[in-house]
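Novice: Sharing a structure, written as structure tokens. Questions coming.
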Amino acid sequence: MYHLSVKTVSRSAGRSAPAAGAYRSGQKIKDERTGETHDYSRKKGVVHHEILSPAAHQVEVEASALWNQAEACENRKNSCTAREFEVALPSDLDAGQRRELAAEFAAELVQRYGFAAQLDIHEPSRGGDQRNHHAHILCTTRRMDAAGQLGEKTRELDNQRSGEIEHVRALWERLCNEHLERAQRETRVDHRSHAARGLEDLPTIHHGPAATAISRRGEYSLRVERSGQIQGINLDRAFAPLNELDRQERQIPPVWAREPDPADLPPVQVQTPAPKPAPGPQNLPQEPRSEKKRTPVPIRELERLRGDFPRLQALARERVLGQDWDRALLEAPLKKQDVRAAARELQERRRELEMHPAHQPNWWRKPFLTREQKQNYADQVREFNRDARELKRDRAELAKLEKEASEAQTRAWENADKIAQEQDRILTEMQHHFEAEARKKNGPDNGPELELENDHNRGPRPR
């Protein structure tokens, strides 16, 4: 998965370079401009920390001195004191390969733009996606000279029309693919958008730390919900051909509900009586010969039933557990989707009611409202409360359905042997059915022998 974002650390947003450097490196740094100490020494997940400076500068730089110097160089209250490049490291690489990739990318940036950079690699959090290996490259907004002083601003990165950001994105793509190919991995990344690549999938939305924290607390996040909706649309588009095939298969009636096709049965051979031979010693009556055993005729319809194992198993479960055994299994997922949709709608309506002027808690903040406006607000609140009670009943019904589905699944597992025996019984009944049908059409004497292959010839039957 390709991800590269460029962010700025600005004083206008209440941020500072020492705070950003301390958080990403997991260190304790004191901001000399404000006197505030930023202590993130107990932060976990930082697996690599490194300071990179231009080749002309040979003196080692510490994080505390670097970011306090970056703060001291700016005088305005809305100055940008640092710039960050955040990249997602491929999970197909191991820890050493990811570290080499991030270090090479940071070195390329330092060589091209001449600033100093701090490289920090973070591993996934315990409760998050375990593929979320990422790196933070925090850079100064000014170039560093041979004496270690910050001077000229990197204005080309501030100008969106310069094309430098697009160059950085292409550089990260090239380095990722080179390291993946070197590691003999088939995965590749592409920095272009879906529209530029000709893909119909909608681009997903990055959750970010705030939305992720809200979602982990079990609260509602609009960004997370929209991301889930986009992922659902992409999955529906991806599985559209398979869903169409499944829909067409469901329209075909079950095998046991169809009448046997006469074309599948073997044709009846009418034997013409031979002419009587002339009397003579060579035509004396001889001992009757034993009849040859006729070759069994395969029953195609019954063989199809053997191959259509899900339908055969569903019929056996219905006979053993009853007709309503799977009602809860089918209705529970649909009911859950309806309850979730109703809950989201109620949350949106609650926000609208909270923004209504009549909902203000302090009387001096409420504007003048007419009688019609107050009555309209009261009707909306009454309707909302009625729908909330209905949602509560639906949730109770959903819990009951899920319990019934769990019990039905448990009964199916407990009666697995009975269901398997019922499957064999169904196959035997179908065999007798086809034998009777063949005898009716072909006569009792000329009817073919209907047999199945032995189970040990067919191999073990799936259960």
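Novice: Starting from region 366-392, keep only residues that are in the same structural domain as GLN347 (by TED's automatic domain parsing) and at pLDDT 80 or above, then list their pairs with residues that are of a type in the set (Val, Ile, Thr) and surrounded by 10 or more Cβ atoms within 10 Å (Cβ to Cβ) whose Cβ atoms are within a distance under 9 Å, requiring at least 6 positions of separation or different chains.
Specialist: LEU391/VAL339
Novice: Name the residues in region 31-46 that are exposed (fewer than 15 other Cβ atoms within 10 Å of the Cβ) and in a strand (DSSP E or B), would you?
Specialist: Result: THR37, ASP39.
Novice: Filter region 148-206 down to the residues that are surrounded by 13 or more Cβ atoms within 10 Å (Cβ to Cβ) and among the hydroxyl-bearing types (Ser, Thr, Tyr) and list them by number.
Specialist: THR154, THR187, THR204 - these are the residues of region 148-206 that are surrounded by 13 or more Cβ atoms within 10 Å (Cβ to Cβ) and among the hydroxyl-bearing types (Ser, Thr, Tyr).
Novice: Going by what's in this entry, would ASP145 be described as without any contact (Cβ under 8 Å) to a residue 12 or more places away in the chain and in the same structural domain as ALA65 (by TED's automatic domain parsing)? Even if it seems obvious, please write down each step before you answer.
Specialist: Working: without any contact (Cβ under 8 Å) to a residue 12 or more places away in the chain: no; in the same structural domain as ALA65 (by TED's automatic domain parsing): yes.
Spelling it out, it is not the case that ASP145 is without any contact (Cβ under 8 Å) to a residue 12 or more places away in the chain and in the same structural domain as ALA65 (by TED's automatic domain parsing).
Novice: Give me the residue from region 1-27 that is among the charged types (D, E, K, R) and within 15 Å of GLU86 (Cα to Cα) and, out of that set, surrounded by the most Cβ atoms within 10 Å (Cβ to Cβ).
Specialist: Among them, the one singled out is ARG24.
Novice: Going by the structure shown, is ALA396 closer than 29 Å to GLU331 by Cβ, at pLDDT below 80, within 35 Å of the chain's Cα centre (by Cα) and assigned to a helix (DSSP H, G or I)?
Specialist: So ALA396 fails the test.
Novice: Just to be sure before I move on: is LEU109 in contact (Cβ under 8 Å) with a residue 12 or more places away in the chain, part of a helix (DSSP H, G or I) and touching a Ser or Thr at 6+ places or on another chain (Cβ under 8 Å) in the structure I sent? Steps first, answer last, please.
Specialist: On the way: in contact (Cβ under 8 Å) with a residue 12 or more places away in the chain: yes; part of a helix (DSSP H, G or I): yes; touching a Ser or Thr at 6+ places or on another chain (Cβ under 8 Å): no.
Spelling it out, it is not the case that LEU109 is in contact (Cβ under 8 Å) with a residue 12 or more places away in the chain, part of a helix (DSSP H, G or I) and touching a Ser or Thr at 6+ places or on another chain (Cβ under 8 Å).
Novice: Sticking with this one: Regarding THR8, is this residue in the same structural domain as ALA146 (by TED's automatic domain parsing), closer than 24 Å to LEU109 by Cα and either part of a helix (DSSP H, G or I) or β-branched (Val, Ile, Thr) (or both)?
Specialist: Against the criterion (in the same structural domain as ALA146 (by TED's automatic domain parsing), closer than 24 Å to LEU109 by Cα and either part of a helix (DSSP H, G or I) or β-branched (Val, Ile, Thr) (or both)), THR8 qualifies.
Novice: Considering only region 107-160, how many residues are hydroxyl-bearing (Ser, Thr, Tyr) and modelled with pLDDT under 90? Before the answer, list the steps.
Specialist: Step one: filter region 107-160 for residues hydroxyl-bearing (Ser, Thr, Tyr), giving 113, 125, 140-141, 154.
Checking the rest, the ones that are also modelled with pLDDT under 90 come to 125.
Adding up the residues that qualify gives 1.
Novice: Another question, if that's okay. Only residues that are out of contact with any helix residue (DSSP H, G or I) (no Cβ under 6 Å at 6 or more places or on another chain), of a type outside the set (D, E, K, R) and modelled with pLDDT of 75 or more: list them for region 399-425, please.
Specialist: ALA399, SER406, THR410, ALA420, GLN421
The values are calculated or read from the model by the stated rules, or taken from the named source; none is laboratory data. Treat the numbers as computed from the prediction; the structure is a model and nothing was measured. Here Cβ is always computed from backbone atoms with ideal geometry, including for glycine, and neighbour counts include all displayed protein chains.
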